[in-house]
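Novice: Before I ask anything, here is the structure I am working with.
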Amino acid sequence: MEPTFAAQLAARDLAVVWHPCTQMHDHTFLPMLPIARADGAWLTGHDGKRYLDAVSSWWTCLLGHRHPRIVEALKDQLDRLDHLMLAGFTHEPAIELAEELVRISPRKTISPPAQRGEMPGGQRGDAFHDGGPTLTRVFYADNGSSAIEVALKLSFHYWRNLGRGARTRFIALTGGYHGETLGALSVTDVALYRETYAPLLLQPIFAPSPDAYEAAPGESAAECARRRLGEMRVLLERHAHEVCAVILEPLVQCAGGMRMHDPSYLTGLRALCDEFDVHLIADEIAVGFGRTGTLFACEQGGIAPDFLCLSKGLTGGTLALSAVLTTQAVYAAFYADYAAGKAFLHSHSYTGNPIACRAALATLSVLREEPVLERNRALAAHLASRLAPLADHPHVADVRQTGMIAAIELVKDKATRTPFPPAERRGLRVYRHGLERGAVLRPLGNIVYFMPPYCITPDEIDFMVEVAREGIEHAVA
Ligand SMILES: *Cc1c(COP(=O)(O)O)cnc(C)c1O
């Protein structure tokens, strides 16, 4: 019999394509799935089978696939201007997007940090803004990792321009993930990605994460955060003179296992960075644009960072684009007569691509004009209610959630929280069960998580959780 078109595509793929984050040998037993189209929360394979995209295609597809307003903006832009180098030239989409990002960027609030604890993901408190925006300048790059490279280089170069070039190190958190290019990987602490390449990397200082899962017995998330701030203080006392910046993923350390921390950590860390005069880099590449219940995670700590890195959901999952926002103080340190040699040196060919900027503008206009965060609050509450029973499962150590991110930590032994040996690949069983049933669940090791597009419905949430529950039963059997 003639192989189906889907099977032919899979075979051609495996002959020439090298896939990311994949041991290609796995595809001797895992099918490669050619996808023909996508609509809202669903992917459709060339064989006609549908899959609920419970992980938003690696967290990029914020509002759902092919959102009509984004599609319309892309088509319109293609009829006008495709690409243009951003040195010496500019265009409306890049200007307008920078204006909009500055306008919505997190600011220091003088009110107490946002009220918390009533609902998963927290409520947005009354944010009394302290005058104008703190982040006033936008530098574009192509993807998340390049945004991190830009932020690290900008921070180092800022201190150098001030005559303090001895500052060459960064403080990062254990369990953090910031991408996989060499600079970004240097400040990443996920063994799977880092270990092999360690000899090639910068040597950051790792501070213990405020991860509430690792809290001491009986310690609350807020108490854990306070203790970790004390440890950060000790590191800064010792190292601030050689440190450019502290970098973290605010509220949720995503690729490191969807580990979550108390928002008070952000408030405390901002205060420490001010006290010791080092920069704070907030990597909101995964958590930005409403994921955690507020437009930006930093808002829940009432803080503005010195550098804000954005990508992934920025274009609604249509094109690669990233942006680094920074302050007037940083910008001013580079602004001088040419001969002073202070200019920032970094460029990517596709910097500020007009089509990608239009996709981002369309995404931001949906966030601005539709009650997306309100809808998300209701969806997050629904998700929480559906996940609650799983907490009693004998192989589930923790069910946690921050806004539209939820995770289930599978363990071998619940009482001692002993993990399953990674080689058993329990999460892979959940993944395979999901594909059979028509849901894309792609666990991080033994952590099953959900990061659905915001267009997901309560019924689809029920389906997603039910498939995960079944998958977990298979996985622990
Ligand atoms: C995905 C991610 C990155 C890297 O972005 P890429 O576009 O994949 O290079 C950096 N930081 C965080 C927090 C991420 O989730």
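No value in this document is a laboratory result; all are computed from the given coordinates. Remember, predicted model here, so these are calculated numbers, not experimental data. We place every Cβ from the backbone using ideal geometry, glycine too, and count neighbours over all the protein chains shown.
Novice: Along the positive direction of the dipole of the chain (beta-carbon charges: Lys, Arg +1; Asp, Glu -1; about the Cα centre), which of A87, G179, V243 reaches farthest?
Specialist: Going by the Cα projections, it comes out as V243.
Novice: Lys/Arg Cβ at +1, Asp/Glu Cβ at -1, dipole of the chain taken about the Cα centre: which of A340, T134, L321 is farthest positive-ward?
Specialist: Most positive-ward Cα: A340.
Novice: Another question, then. Where nothing but the Cβ of Lys and Arg (+1) and of Asp and Glu (-1) is charged, how large is the charge dipole of the stretch 357-469 around its Cα centre, in debye to the nearest 20?
Specialist: Roughly 380 debye for the stretch 357-469.
Novice: Tell me, what HN-Hα J-couplings in whole Hz come from the Karplus equation 6.51 cos²θ - 1.76 cosθ + 1.60 at θ = phi - 60° for each residue of the stretch 338-353, using x for Gly and Pro?
Specialist: Values per residue, Gly and Pro as x: 3, 5, 5, x, 9, 5, 6, 10, 6, 7, 10, 3, 9, 3, x, 3 Hz.
Novice: Next question. If the chain were replaced by its equivalent ellipsoid, with semi-axes equal to the square roots of 5 times the Cα gyration tensor eigenvalues, what would those be, largest first, whole Å?
Specialist: Calculated on Cα positions only, the semi-axes equal 34, 28, 22 Å.
Novice: Under 12 Å from the 7 Å Cα→Cβ point of V16, by amide nitrogen: which residues of the stretch 35-58?
Specialist: Under 12 Å, as judged by backbone N against the label point of V16, lies no residue of the stretch 35-58.
Novice: How far, in nm, would the chain grow between E237 and K49 when pulled straight, counting 0.36 nm per residue and subtracting the alpha carbon separation?
Specialist: Separation in residues times 0.36 nm, less the Cα-Cα distance, equals 62.0 nm.
Novice: Separation between the F206 and V71 pseudo-spin-labels, each 7 Å from Cα along Cα→Cβ, expressed in nm?
Specialist: 4.5
Novice: Given Cβ point charges of +1 (Lys, Arg) and -1 (Asp, Glu) and nothing else, what value in debye, to the nearest 20, does the dipole of the chain about its Cα centre take?
Specialist: 440
Novice: Restricting attention to the stretch 303-412, which chymotrypsin sites (Phe, Trp or Tyr not before Pro) occupy a DSSP loop and are surrounded by at most 15 other Cβ atoms within 10 Å?
Specialist: When the chymotrypsin sites (Phe, Trp or Tyr not before Pro) of the stretch 303-412 are filtered for loop state and at most 15 Cβ neighbours within 10 Å, Y335 remain.
Novice: List the chymotrypsin sites (Phe, Trp or Tyr not before Pro) within the stretch 13-104 that fall in a DSSP loop (any state other than H, G, I, E or B) and whose Cβ has at most 15 other Cβ atoms within 10 Å.
Specialist: W18, F29, F89
Novice: Along the charge dipole of the chain, which of T363, P34, V17 sits closest to the positive end, that is, farthest toward it, with unit charges on the beta carbon of Lys, Arg, Asp and Glu (+1, +1, -1, -1)?
Specialist: V17
Novice: Additional query: With labels modelled as points extended 7 Å from the Cα through the Cβ direction, what inter-label distance (nm, one decimal) is found for E2 paired with F89?
Specialist: Simple spin-label model gives 4.6 nm for this pair.
Novice: Stokes-Einstein D for the stretch 373-448 at 10 °C, 1.306 mPa s, Kirkwood Rh over Cα pairs, in µm²/s?
Specialist: Calculated translational D: 119 µm²/s.
Novice: For E284, list long-range residues whose amide hydrogen, built 1.01 Å from N in the peptide plane, is under 5 Å from its own amide hydrogen.
Specialist: Sorted by chain and number, the residues that satisfy this are C309.
Novice: Given the DSSP H assignment, sum -39500 (n - 2.57) over each helix run of at least 4 residues in the chain and divide by its residue total; what's the result at 222 nm in deg cm²/dmol, nearest 500?
Specialist: The per-residue figure over the chain is -11000 deg cm²/dmol.
Novice: Could you tell me the relative contact order of the stretch 76-369? Use alpha-carbon pairs under 8 Å, at least six residues apart, and round to a whole percent.
Specialist: About 27 percent, as a whole number.
Novice: Further question: Work out which helices of the chain, taken as complete DSSP H runs, extend at least 30 Å along their axis over the Cα atoms and score a mean Kyte-Doolittle of 0.0 or more, then list them.
Specialist: none
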